[in-house]
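**Q** This is the structure, below, for whatever I ask next.
The values are calculated or read from the model by the stated rules, or taken from the named source; none is laboratory data. The structure displayed is predicted, hence computed values, not measured ones. Reconstructed Cβ throughout: ideal geometry from the backbone, glycine too, with neighbour counts over all protein chains shown.
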């Protein structure tokens, strides 16, 4: 049995967001096939039945002792940034790419000035590239996302002769593991909204926003649609399940404040539109069962195109009709599977008409569509590609064969510096040779010159000696001595 260490960088607790929920459910589903440890960065009151929990400090903790005992590591997000040693242990690494963090960051930081936004983007990019270089197997949430990540992987040379020869479809490199559905049907245990929350009567019809209020979503159009509908449908109420993410790292979102401010401006705050803090994960089925409709609206931008709105899966699980803004994978599901209706981005009138239309048909009109889709999306079914990798975990066949651009540049730099050193040494050797030849030439010329001087001096001396022996010189010397007396 494979020993799996699944590491969550997000909170896993009674209150948790989509990433924490995914890691919890992946651990639970994988534990039906393998031995699983889920490492989480927080203390928790959850008690899993079929896998082990381990808590660690995300930024300062050390998972080395657990990781070296594992046959597979499953990571996501910024985990390798905080724990870089994980990629150096030789343990096969499966990387969850279901959240396109880089695209979310573009929306999240759109109001920042350049001095803050550009460094933040560079850091997100570095973390993303590190994951793509380190992974041995990747999985994401949809075929559309897979196309996106195939482009990234190709740019990082992860699509190459080795990975192609391993599998021409590249499914062994990256495959799809969508968000799944919990086994069984939701069971409502008590009322949570109707007749419980002041302002929501037992006879009212509740529209549920089933996830968080992120900056890349568009609750504002829905709030405006509610203001349009309420004069003729006073029984309609809108409830937002989450305004404050349980993970303190996910902070700085402006949408909750903007949504509340707009509802106050339109005079529907706490009379028509209600804001919850954060619904605990195990409590969500009470809200889903009680609601009459769910709406998920978003803006038109690149994040939408590649997103996978995970909380829509809860609505499918509960058989709750959906209205979704066009443009993402979930909208395609709603249209193709007859799960509700889709509307253009930012269209208040179209959204109001869709709400009236879906509510007029009632839940029963969509129940057969949910029944056929629900079984296909069970966690047990959707984790197949990840189970297959964990059955026979292996290092990717291209590891160590292809250089990244950074590595290629470093190698080129090293080769250039080595050539500079070789050229310098050759130049200095030539200088030394030229110097020695020059000095030898100087010495030779000096010796020749000195020999010439000596020869010339000897020739002069011989001439003088011959001159002194001549009769005139001798007579001159005799008279010089006589006169000298």
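**Q** Applying the selection to the range 1-42, what residues are at pLDDT below 90 and surrounded by fewer than 24 Cβ atoms within 10 Å (Cβ to Cβ)?
**A** Initial filter on the range 1-42 (at pLDDT below 90): 1, 14-18.
Within the range 1-42, 1, 14, 15, 17, 18 meet the criteria.
**Q** Then there's this: Does the range 430-441 contain any residue that is outside any loop (DSSP other than H, G, I, E, B) and within 30 Å of residue 167 (Cβ to Cβ)?
**A** The answer is no; no qualifying residue exists.
**Q** In the range 162-181, what residues are crowded, with 17+ Cβ neighbours inside 10 Å, touching a residue at least 24 places away in the same chain (Cβ under 8 Å) and part of a loop (DSSP other than H, G, I, E, B)?
**A** Matches in the range 162-181: 172, 173, 177, 178, 179, 180.
**Q** Moving on to the next point. Taking strands (runs of 3 or more DSSP E) that fall entirely within the range 28-137, which contain at least 1 residues that are without any contact (Cβ under 8 Å) to a residue 40 or more places away in the chain and out of contact with any helix residue (DSSP H, G or I) (no Cβ under 8 Å at 6 or more places or on another chain)?
**A** Of the strands (runs of 3 or more DSSP E) lying wholly inside the range 28-137, those with at least 1 residues that are without any contact (Cβ under 8 Å) to a residue 40 or more places away in the chain and out of contact with any helix residue (DSSP H, G or I) (no Cβ under 8 Å at 6 or more places or on another chain) span 35-40, 52-55.
**Q** A further question follows. Being modelled with pLDDT of 95 or more, crowded, with 20+ Cβ neighbours inside 10 Å and either within 22 Å of residue 363 (Cβ to Cβ) or in the same structural domain as residue 312 (by TED's automatic domain parsing) (or both): is that true of residue 222 here?
**A** Answer is yes for this residue.
**Q** Which one of the conditions (1) outside any loop (DSSP other than H, G, I, E, B); (2) more than 22 Å from the chain's Cα centre (by Cα); (3) more than 15 Å from residue 94 (Cβ to Cβ) does residue 15 fail to meet, given that it meets all the rest?
**A** Looking at each condition in turn, residue 15 falls short on (1).
**Q** Taking residue 370 as the residue in question, decide whether it is in contact (Cβ under 8 Å) with a residue 40 or more places away in the chain, assigned to a helix (DSSP H, G or I), assigned by TED's automatic domain parsing to the domain that holds residue 142 and surrounded by 13 or more Cβ atoms within 10 Å (Cβ to Cβ).
**A** Details: in contact (Cβ under 8 Å) with a residue 40 or more places away in the chain: yes; assigned to a helix (DSSP H, G or I): yes; assigned by TED's automatic domain parsing to the domain that holds residue 142: no; surrounded by 13 or more Cβ atoms within 10 Å (Cβ to Cβ): yes.
When the stated conditions are applied, residue 370 does not pass them.
**Q** So which residues in the range 186-218 are under 11 Å from residue 235 (Cα atoms) and part of a strand (DSSP E or B)?
**A** Correct list: 205, 206, 207.
**Q** Considering each residue of the range 327-357, count those that are in a helix (DSSP H, G or I) and touching a residue at least 12 places away in the same chain (Cβ under 8 Å), and give that number.
**A** Counting residues in the range 327-357 that are in a helix (DSSP H, G or I) and touching a residue at least 12 places away in the same chain (Cβ under 8 Å) gives 13.
**Q** Right, next: Among (1) in contact with a helix residue (DSSP H, G or I) (Cβ under 9 Å, 6 or more places away or on another chain); (2) closer than 30 Å to residue 150 by Cα; (3) in a helix (DSSP H, G or I), where does residue 324 come up short?
**A** So the condition that residue 324 fails would be (3).
**Q** From the list 242, 212, 276, which one is within 28 Å of residue 182 (Cα to Cα), surrounded by fewer than 20 Cβ atoms within 10 Å (Cβ to Cβ) and under 31 Å from the mean Cα position of the chain (by Cα)?
**A** Only one candidate qualifies: 276.
**Q** Take residue 397 and decide whether it is in a loop (DSSP other than H, G, I, E, B), within 35 Å of the chain's Cα centre (by Cα) and not assigned by TED's automatic domain parsing to the domain that holds residue 300. Spell out how you get there, then give the answer.
**A** Details: in a loop (DSSP other than H, G, I, E, B): yes; within 35 Å of the chain's Cα centre (by Cα): yes; not assigned by TED's automatic domain parsing to the domain that holds residue 300: yes.
Spelling it out, residue 397 is indeed in a loop (DSSP other than H, G, I, E, B), within 35 Å of the chain's Cα centre (by Cα) and not assigned by TED's automatic domain parsing to the domain that holds residue 300.
**Q** If you don't mind, another one. Specify the residue that is modelled with the lowest pLDDT; the eligible residues are those in the range 249-273 that are part of a loop (DSSP other than H, G, I, E, B) and under 35 Å from the mean Cα position of the chain (by Cα).
**A** Here the answer is 251.
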